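Chemist: Pasting a structure here, questions to come.
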Amino acid sequence: MDRIISEHFRYKIVLLAFMLLVGIHGCSAKKNTESALDRTVESLRSELSVIIERTVLLSASLEDAFHGASSFIVGVDKSAFIEDDQGRFYQIDKDKDLAVVASGYVPLDESVKRVIYLTEAVDPELISSVENLGSVVQSWFIGKESICRIYPAINIVEAVPPGTDVTDYAFYNLAAPDSNPDRKPLWVENPYVDPAGRGWMISALSPVYQGGEFRGVAGLDVAVEKLLGRHIPSEDKSRVIVVDSRGIAVWSGAEASRLFGIPELRDHKYFEAIYKDTYRSEDYSILKSRKRRARALARSIMHEGKKELKLTYPDEKYEVQARRIPELGWTVIEVKKD
């Protein structure tokens, strides 16, 4: 009996050693098959996760400010605010580079001023969100009273005319209860052009509640050029194109643009064209490329989810890799000479 137990024990040791060996080999094989593009996308997604978490933190700080308003408001310097004859109530703090405004769309009274005062409590969060996150260029809160607090400061006197409904923006409505009953943080996936001239932008949003009452939306604005530039290796940038869920390029290098038959986006002339209203998104869609083979390749990527492909022209052959960024609905595509 002892010999049988001993043999059985020895068998289990051998089996365990074999499983460990296979496991180690399998992990090693998986690591070896992971491409540079996989690592780039993983790094990108990691930063997106940090940004969305920071947005949730900002909305949580705002919720705390609403709950603790009475104790905080006592220390606010109310003489620093301006009430103009057109119904606006605002402050531009040049020392902090922060601005806040109540537009007057909701008639100004003490309850509106109270929200202006109490949201000053989150100024440190607004500042640190921009200063500590390399791709974030703006942080803000829009309150249901048509209030906007923003860092870095903008010229709110010019940017917010009297009586403007500050909440009448897609960003605000995307996170509001009708569109977001689950109160989840979310991304504005389709990039938009920054009026301040910083190119394509996306935004992370998180709703703010006081108990069961919706109070507004916290947001962080991310510069696409900064975001992608931080993660795509410089030696690969010419060969990479990034498209949104519609197949429209949001970022592209020279070589990738040429192969897909679209203009290069990383060109200031492109942004100038947008500001002059001559921009047509179809011109930058890989699904509507002037090149038939590129269109077919794009359909395989966008509609069939293909990840490893070939792009062949009479005198050129390329290996193509495509990887999704599910948080944004984007696809990162890299082309390499075969």
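Chemist: Solvent-accessible area per residue for segment 33-90 at a 1.4 Å probe radius, Å²?
Modeler: That works out to 52 Å² for each residue.
Chemist: Once a ≥ b ≥ c are taken as the square roots of the eigenvalues of the Cα gyration tensor of segment 136-190, is the result rounded (a/c under 1.5), prolate (a/b larger than b/c) or oblate (a/b not larger than b/c)? Kindly include the intermediate steps, with their values, before the conclusion.
Modeler: Working: a/c = 2.36, a/b = 1.48, b/c = 1.59.
It is oblate, given that a/c is not under 1.5 and a/b is not larger than b/c.
Chemist: While we're here: How much accessible area per residue does segment 119-245 have, in Å², with a 1.4 Å probe?
Modeler: Normalised by residue count, the accessible surface of segment 119-245 is 38 Å².
Chemist: Now for a different question. Which order do the peptides 39-48, 142-151 take when ranked by the mean count of other beta-carbon atoms within 10 Å per residue, highest first?
Modeler: On the way: 39-48: 16.7, 142-151: 23.5.
Descending packing order for the listed peptides: 142-151, 39-48.
Chemist: Moving on. Which pairs, out of Lys306/Lys337; Lys237/Lys307; Lys96/Lys184; Lys288/Lys317; Lys291/Lys337; Lys306/Lys336, put more than 26 Å between their alpha-carbon atoms?
Modeler: Working: Lys306/Lys337 18 Å; Lys237/Lys307 19 Å; Lys96/Lys184 30 Å; Lys288/Lys317 21 Å; Lys291/Lys337 18 Å; Lys306/Lys336 16 Å.
In this structure, Lys96/Lys184 lie more than 26 Å apart at Cα.
Chemist: Pulled fully out, how much extra length does the chain show between Thr312 and Ser300, if you take 0.36 nm times their separation in residues and subtract their Cα-Cα distance? Show your work: numbers first, answer last.
Modeler: Working: separation 12, 0.36 × 12 = 4.32 nm, distance 1.43 nm.
Once the chain is fully extended between Thr312 and Ser300, it gains 2.9 nm.
Chemist: Quick check on segment 52-196: take the gyration tensor over C-alpha atoms, sort the square-rooted eigenvalues as a ≥ b ≥ c, and tell me if it's rounded (a/c under 1.5), prolate or oblate. Don't skip to the answer; put the middle values down first.
Modeler: Working: a/c = 1.34, a/b = 1.25, b/c = 1.07.
Rounded.
Chemist: Contour minus end-to-end for Glu327 and Asp97, with contour as 0.36 nm per residue of separation and end-to-end as the Cα-Cα distance?
Modeler: Values: separation 230, 0.36 × 230 = 82.80 nm, distance 3.10 nm.
Residue separation times 0.36 nm, minus the Cα-Cα distance, leaves 79.7 nm.
Chemist: In terms of solvent-accessible area of protein heavy atoms at a 1.4 angstrom probe, what is the ranking of Asp97, Asp182, Asp315, highest value first?
Modeler: Numbers: Asp97 65, Asp182 110, Asp315 150 Å².
Descending accessible area places them as Asp315, Asp182, Asp97.
The values are calculated or read from the model by the stated rules, or taken from the named source; none is laboratory data. Worth saying up front: this structure is predicted, and the values here are computed from it rather than measured. Neighbour counts run over all protein chains shown; Cβ positions are idealised from the backbone, glycine included. Heavy atoms of the whole protein, side chains included, go into the accessibility calculation; ligands, DNA and RNA do not. Shrake-Rupley method; radii C 1.70, N 1.55, O 1.52, S 1.80 Å.
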